[in-house]
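Trainee: Input: one structure, supplied below.
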Amino acid sequence: MKAALLLCTTLTFAQQLPLATIPPGKTMMVIQPHHDDHTTDYGMGGLIARFTGAGYQSWFIRSSNDEKDGAHGYPHNDMYNLRESEAATKILGMKGVYSLNWRNDYMDAIPLLELRAQIILLIRKHRPDAVLGHDPWGHYDRNPDHRKVARAMAEAVWMAGLANVHPEHLELGLQPHRVPHLFLKARVDYGRGHRPNVAVELNEDQVRRKQKAYVAHRNVYASPGMARSIRAQLQAEGLAVPEFAGKTDDEAAVLIEEWYMDWISRKRGSENGVKYAEVYWQRREFDYLPGLTDYLNANVVNR
Amino acid sequence: MRAILLLLLAVAVQARTVLVVTADAPDFVLAAGGAIAAMAAAGDRVVLVRVTNDDKDSWNLSPEETASRVKGEVERAAKLLGIAQVHSLGYRAGELGGVSPTEIRDRILFYVRLLKPDAMLIPNPYAEYVEVLDRHYTGMAAEEARRIAALANHQPPFAEAGLSTHVVKELFYYAQPFDPRRREAESTATFAPQPKVVDIGSTFDRKLLAAQALQTINYSMAMRIRKRLDDTARRLPLLDVVNEDSVRKLVEINVRKLGEIAARESAYKLAEEFFYSGPDFQVPAKLR
Ligand SMILES: [Zn+2]
């Protein structure tokens, strides 16, 4: 029994991830399909807040038009979602949103190289030191846009550094730029397709911003109907949540979503020995050279 | 005399044809060069099909100049490994994501039916490449080509041209060690390819020479590391001067380390890692 307990403890500790540090740099880019992908439960509002808090200028590339997401119908959803995305981006301290406007949930059929070319151009313009996006190898995601953009992003961060790729960009005065650092996310509770290798510790302020940024997407989250049905169910069982007292369904819905983001941040934190965290697959600057990473880490010196 | 004849006969009987498929110039050398050299040294006839033209990865060279130089360098590297023939399909590097997977598959299928290999070495399409996804696309196409080579209803015009169906008995999936979980066995030992570590102690030197022959890409790799370090106020003493010597040394460090990584937890000093599916994997153990 003792041995089993010891084994359990060891396993628990073995699963703790090392804590990531924000790499040195000035510019960061989040490259994703949807208006809310920078603020979901499995990342990356907290990490973005850490980057911007460290002085990074950052931009959000939102590749789709988000027409399907929300209850307002096609053209209206586009507008609501873009506005809310801009609001969430501001809460996280980002500079702005680039909207590529591809058709939501139909991105599987679009030309990969065209999407990639758009991303390469923006990478060359802003020269990010870090890019945040979906893991192209995440399993069970079920969303065609996530897969497509993850793949285009993964190719773009490398190919933007090769002068022979889209040499026409050089006519604009842009230079090749390889993105050195990647932080990739996936729905980590969904199978083994994604294995995070770092935890990003968050402080109170970063968690609060993450909550607010998530809830800013009112077109898709925090619906009063959700709060109403939860309240009705509680009432039927003779239960009540004291925090809901005197609150409208609208306000209660916001509270529920904020709790959810607090809960998931605490859960990832407790799994990794800190109060709050998010988890990622971090790719460092020389991970693309697996035979040279140890040598470079051991022999590179500051000038 | 009789003994020599018998020996020749034995070699002739054992000699196999091996088809290596690669997306780009460095990948087959870095991930499988040692095993390829060993097969060639054992008398196998090894043929390389190279899917892209490697026109992108160079330093201050146009795409045309890059493609032209790398073609010569791949052919030199292949020769050093003992590869008998190189067929370059000429797709533009980094653009396989815009090519029909079926088209790439059928180009490879042609060579499978033409050469009738006993074994194929192909990029592991599941190796979690983040950047160079050409390897993923090529691996998918090659895996499919191997399967449909045996099926007569695929590409009937090939049969008209005399290219009959063919079963490739052995399949090696290769990849550089990007995937952190590459050593995990697949779930069913019977039907799915399994990890296999191959000793390359006796062919390491040839693999290294082949890797060093890829001068255009090696120089580009060194300059990219140098540029990144310059941009971030750092230096690597080895690359204070980037010349033929320092690049060769860098390549040696890389190739040796890749060999050591693959040899981890094995009895070997230098190795390569594959996922392997041979004749044994076609039939469940209890029915064999
Ligand atoms: Zn999404």
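The values are calculated or read from the model by the stated rules, or taken from the named source; none is laboratory data. Just so we're clear, the structure is a prediction, and the values are computed from it rather than from any experiment. Backbone-built Cβ (ideal geometry, glycine too); neighbour counts: all protein chains shown. For accessibility, only protein heavy atoms count, side chains too; no ligands or nucleic acids. Shrake-Rupley method; radii C 1.70, N 1.55, O 1.52, S 1.80 Å.
Trainee: On the basis of being among the basic types (K, R), over 30 Å from A:D135 (Cα atoms), open to solvent by less than 70 Å² (accessible area, probe 1.4 Å) and modelled with pLDDT of 95 or more, does B:K249 make the cut?
Mentor: Considered against the rule, which asks whether it is among the basic types (K, R), over 30 Å from A:D135 (Cα atoms), open to solvent by less than 70 Å² (accessible area, probe 1.4 Å) and modelled with pLDDT of 95 or more, B:K249 comes out as no.
Trainee: With the requirement that a residue be away from the ligand (no atom under 16 Å from the Cβ), surrounded by fewer than 24 Cβ atoms within 10 Å (Cβ to Cβ) and farther than 14 Å from A:G96 by Cα, what does region A:21-48 give you?
Mentor: A:T21, A:I22, A:P23, A:P24, A:G25, A:K26
Trainee: Can you tell me which residues in region B:54-68 are part of a helix (DSSP H, G or I) and either more than 9 Å from chain A (Cβ to nearest Cβ) or modelled with pLDDT under 95 (or both)?
Mentor: B:E64, B:E65, B:A67, B:S68
Trainee: Right, next: Against the definition (assigned to a strand (DSSP E or B), open to solvent by 30 Å² or more (accessible area, probe 1.4 Å) and at pLDDT 95 or above), how does A:E168 come out, yes or no?
Mentor: No; evaluated as a whole, the condition is false for this residue.
Trainee: Give the residue that is farthest from the ligand (Cβ to nearest atom), with candidates limited to residues of region A:113-130 that are within 11 Å of chain B (Cβ to nearest Cβ) and touching a residue at least 40 places away in the same chain (Cβ under 8 Å).
Mentor: Among those residues, the one meeting the criterion is A:R127.
Trainee: A further question follows. Which of the residues spanning region A:85-112 are open to solvent by 30 Å² or more (accessible area, probe 1.4 Å) and in a helix (DSSP H, G or I)?
Mentor: A:E86, A:A87, A:K90, A:I91, A:D108, A:A109
Trainee: Related question: Would you be able to tell me the number of residues in region A:238-295 that are in a helix (DSSP H, G or I) and among the polar types (S, T, N, Q)?
Mentor: 3
Trainee: Within region A:144-165, how many residues are of a type in the set (A, V, I, L, M), away from the ligand (no atom under 16 Å from the Cβ) and crowded, with 23+ Cβ neighbours inside 10 Å?
Mentor: Of the residues in that region, 7 qualify.
Trainee: Filter region A:142-165 down to the residues that are part of a loop (DSSP other than H, G, I, E, B) and within 8 Å of chain B (Cβ to nearest Cβ) and list them by number.
Mentor: Hits for region A:142-165 are A:G161, A:L162, A:A163, A:N164, A:V165.
Trainee: Inside region A:45-79, can you point out the residues that are at pLDDT 95 or above and assigned to a loop (DSSP other than H, G, I, E, B)?
Mentor: Those that are at pLDDT 95 or above and assigned to a loop (DSSP other than H, G, I, E, B): A:A54, A:G55, A:Y56.
Trainee: Further question on the same structure: Quick check on B:L238: is it at the interface with another protein chain (Cβ under 10 Å from one of its Cβ atoms), open to solvent by less than 10 Å² (accessible area, probe 1.4 Å) and modelled with pLDDT of 95 or more?
Mentor: When the stated conditions are applied, B:L238 does not pass them.
Trainee: Restricting to region B:123-170, give me the number of residues that are among the hydroxyl-bearing types (S, T, Y), open to solvent by 50 Å² or more (accessible area, probe 1.4 Å) and either part of a helix (DSSP H, G or I) or away from chain A (no Cβ under 14 Å) (or both).
Mentor: Adding up the residues that qualify gives 2.
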